[in-house]
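Right, one structure below, let's go through it.
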Amino acid sequence: QKKFKDSEFSAPTITLTSIEGKSDSPNKTADYCQANFDLRTIPNYHEKAFDKVKQLASKRGIKLSLLHTPGPIGYTNPDAKIIKICKETIPGLNLAVNDASNDLGIFTNIGIEGIIFGPGETPQAHSTDESADMEKIMAAPEIFERVYFAWAKR
């Protein structure tokens, strides 16, 4: 966190997401253990972060492998056309870098600038009682239309 304190991105994180120990008997210490971690990084840092984790694991005799290919990281330059248009057409819009995984990375990888925007609230994402305010849902089509037509005029 110290290394990335001045970055516009949140510091990379690694989180234990599951752990499983196996033994052939319920009264024996497990002879096998598998742990899964979610490594979240920032643009241009994923391989360095994974190499650092691999080095730490290797020093402790731990075998490490990727379960999934790293997801693409989405990022849109603050000076991008879509950012400017959204700021102009959506009153009170507060834009920030979002460190959650989402589909923006797919668009970033093919050169499409975008934002993640909608009536939901980030703190509720993926929660058991996830919901969105009905007024915001009803207002969304008109907001998207304003953004669309402002985009089309430029």
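Suppose we filter the range 19-43 for residues that are part of a strand (DSSP E or B), within 19 Å of the chain's Cα centre (by Cα) and either surrounded by fewer than 11 Cβ atoms within 10 Å (Cβ to Cβ) or not hydrophobic (A, V, I, L, M, F, W, C) (or both); how many remain? Within the range 19-43, residues that are part of a strand (DSSP E or B), within 19 Å of the chain's Cα centre (by Cα) and either surrounded by fewer than 11 Cβ atoms within 10 Å (Cβ to Cβ) or not hydrophobic (A, V, I, L, M, F, W, C) (or both) number 3. Being small (Gly, Ala, Ser), closer than 15 Å to ALA80 by Cα and open to solvent by 50 Å² or more (accessible area, probe 1.4 Å) is the filter here; which residues of the range 106-140 pass it? Listed by number, the list holds a single entry, GLY111. PRO70 meets the conditions (1) in contact with a His (Cβ under 6 Å, 6 or more places away or on another chain); (2) over 23 Å from PHE107 (Cα atoms); (3) not small (Gly, Ala, Ser) in every case but one. The failed one is (2).
In this structure, ILE143 does satisfy being aliphatic (A, V, I, L, M), under 16 Å from CYS86 (Cβ atoms) and assigned to a helix (DSSP H, G or I).
Counting residues that are touching a helix residue (DSSP H, G or I) at 6+ places or on another chain (Cβ under 7 Å) and under 30 Å from PHE149 (Cβ atoms), which helices (runs of 4 or more DSSP H) fully inside the range 44-129 reach at least 3?
Numbers: elements: 46-59, 81-89, 104-109.
Per the criteria, 81-89.
Looking at ARG60, ARG40, just one residue is of a type outside the set (Val, Ile, Thr) and without any contact (Cβ under 8 Å) to a residue 12 or more places away in the chain, and that residue is ARG60. If the condition is being open to solvent by less than 50 Å² (accessible area, probe 1.4 Å), among the hydrophobic types (A, V, I, L, M, F, W, C) and under 15 Å from the mean Cα position of the chain (by Cα), then the range 1-18 contributes PHE9, ALA11.
Just one of the listed residues (ALA140, ALA132, ALA152) is touching a strand residue (DSSP E or B) at 6+ places or on another chain (Cβ under 7 Å) and modelled with pLDDT of 90 or more, namely ALA132.
Sub-8 Å Cβ pairs linking a first residue in the range 63-78 that is closer than 14 Å to PRO43 by Cβ to a second residue that is part of a loop (DSSP other than H, G, I, E, B) and open to solvent by 70 Å² or more (accessible area, probe 1.4 Å), at least 6 apart or interchain, are GLY71/SER101; GLY74/ASP103; GLY74/ILE116; THR76/GLU113; ASN77/GLU113, ordered by first then second residue. Only one entry of ASP103, ASP99 meets the criterion of being open to solvent by 40 Å² or more (accessible area, probe 1.4 Å), within 20 Å of SER10 (Cα to Cα), touching a residue at least 60 places away in the same chain (Cβ under 8 Å) and acidic (Asp, Glu), and that entry is ASP99.
The values are calculated or read from the model by the stated rules, or taken from the named source; none is laboratory data. No experiment lies behind these values; they were computed from the predicted model shown. Glycine gets a Cβ as well: all are built from the backbone with ideal geometry, and neighbour counts include every protein chain shown. Please note that ligands, DNA and RNA were not included when accessible areas were found on the heavy atoms of the full protein model with its side chains. Shrake-Rupley method; radii C 1.70, N 1.55, O 1.52, S 1.80 Å.
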